[in-house]
1. Can you name the strands (runs of 3 or more DSSP E) wholly within the range 294-377 that have at least 1 residues being under 19 Å from the mean Cα position of the chain (by Cα) and at pLDDT 95 or above?
2. If you scan the range 284-315, which residues turn out to be touching a residue at least 60 places away in the same chain (Cβ under 8 Å) and closer than 21 Å to residue 84 by Cα?
3. Being buried (at least 19 other Cβ atoms within 10 Å of the Cβ), touching a residue at least 12 places away in the same chain (Cβ under 8 Å) and more than 30 Å from residue 250 (Cα to Cα) narrows it down to one of 112, 190, so name that one.
4. Could you please let me know if residue 107 is outside the structural domain of residue 175 (by TED's automatic domain parsing), more than 15 Å from residue 180 (Cα to Cα) and in contact with a strand residue (DSSP E or B) (Cβ under 9 Å, 6 or more places away or on another chain)?
5. If I ask for residues that are closer than 9 Å to residue 229 by Cβ and within 18 Å of the chain's Cα centre (by Cα), which ones from the range 28-47 would you list?
6. Could you check, for the range 248-255, whether at least one of its residues is under 30 Å from residue 344 (Cβ atoms), in contact (Cβ under 8 Å) with a residue 12 or more places away in the chain, over 17 Å from the mean Cα position of the chain (by Cα) and surrounded by fewer than 23 Cβ atoms within 10 Å (Cβ to Cβ)?
7. In the list 204, 200, which residue meets the criterion of being crowded, with 20+ Cβ neighbours inside 10 Å, touching a residue at least 24 places away in the same chain (Cβ under 8 Å), in contact with a strand residue (DSSP E or B) (Cβ under 7 Å, 6 or more places away or on another chain) and assigned to a loop (DSSP other than H, G, I, E, B)?
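The values are calculated or read from the model by the stated rules, or taken from the named source; none is laboratory data. Remember, predicted model here, so these are calculated numbers, not experimental data. Using ideal geometry, Cβ is built from the backbone for each residue, glycine included, and neighbour counts are taken over all protein chains shown.
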């Protein structure tokens, strides 16, 4: 179902998550991913995908990098490499943003939250050490960066997530999408945000690694909750039209080409003071050469990452970066980069995979509507 290769051959030393034995005891089939041993599935990708869409799935995402920035001028310093409005971020507010190279290419995508006098950032697991190195090179000495390697990170996603979590953390239902707050559970501090990577309502909970097993057990005691692995996490995010770094995003891709223009705040665009601003703002005006789009694939055969978008003469014009069967849609879908002239929804496309031509149509994303709980709605 998923197009992701969960074996990472470039990483020699595989690390274990704090919940490694917990996953094995519950039937998790473990694979190597982003330098960690992680569960790809328990009961099956399809079942776990549909359970999350209908109830609440528990994901272990402790491989992600959790960073904290402190020091005078930390927010302003981060704006040199992030195109979002960091200095204007309110306490307990979150922002999706991008770590940009000096040429405007995407080095990683991330979530940034203001919590008191510090900034909390979550970056991708496979890139976190590269991110740390890049940030150390570009941040002034007055800014301190700490990796929270003693913290686990769990995600509870699905329409019944709030019901289950509120039994353990009273008051959590008051959070709305992209807000966060600290809660206490049995003497442990839980930094909890209403956010996630599935398109569903849900939460991400940062907590001490030594408390993760007891808290995960408490969640599984709730009838709405089942453990879910990497396979369904990938199919859920694909249906939700959410890009995955290293597949749909990379250092050769700009925010405009990736259709992530919303991550460029108005103030920062006007100031043009972020990494790669000249290139990125020119693409906003003139249009990028290629653009990330969704594709509804005809038939039942999924088109996977690595397939080629071809023209009428079968010459390559683009590439598929993610693809698979979408259980909620009931059909195969994909993400691809195509020439901007082909990016309008409804445009027919031809896809070459393993010696065969497949057909499809450019489609608006997300493929499945997001169900975030926003303030005032």
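1. Details: elements: 308-310, 316-326, 331-339, 348-353, 356-363.
Per the criteria, 316-326, 331-339.
2. Correct list: empty.
3. On the way: 112 fails: more than 30 Å from residue 250 (Cα to Cα).
Matching residue, one of 112, 190: 190.
4. Here the answer is yes, as residue 107 does meet what is asked.
5. Listed by number, the residues that qualify are 38, 39, 40.
6. The answer is yes, given that some residue of the range 248-255 is under 30 Å from residue 344 (Cβ atoms), in contact (Cβ under 8 Å) with a residue 12 or more places away in the chain, over 17 Å from the mean Cα position of the chain (by Cα) and surrounded by fewer than 23 Cβ atoms within 10 Å (Cβ to Cβ).
7. Working: 204 fails: assigned to a loop (DSSP other than H, G, I, E, B).
After ruling out the rest, the residue left standing is 200.
One line per residue, one yes/no per condition, for (1) touching a helix residue (DSSP H, G or I) at 6+ places or on another chain (Cβ under 6 Å); (2) assigned by TED's automatic domain parsing to the domain that holds residue 19; (3) under 25 Å from residue 370 (Cα atoms):
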| site | (1), (2), (3) |
| --- | --- |
| 54 | no, yes, yes |
| 67 | no, no, no |
| 73 | no, no, no |
| 77 | no, no, no |
| 88 | no, no, no |
| 97 | yes, no, yes |
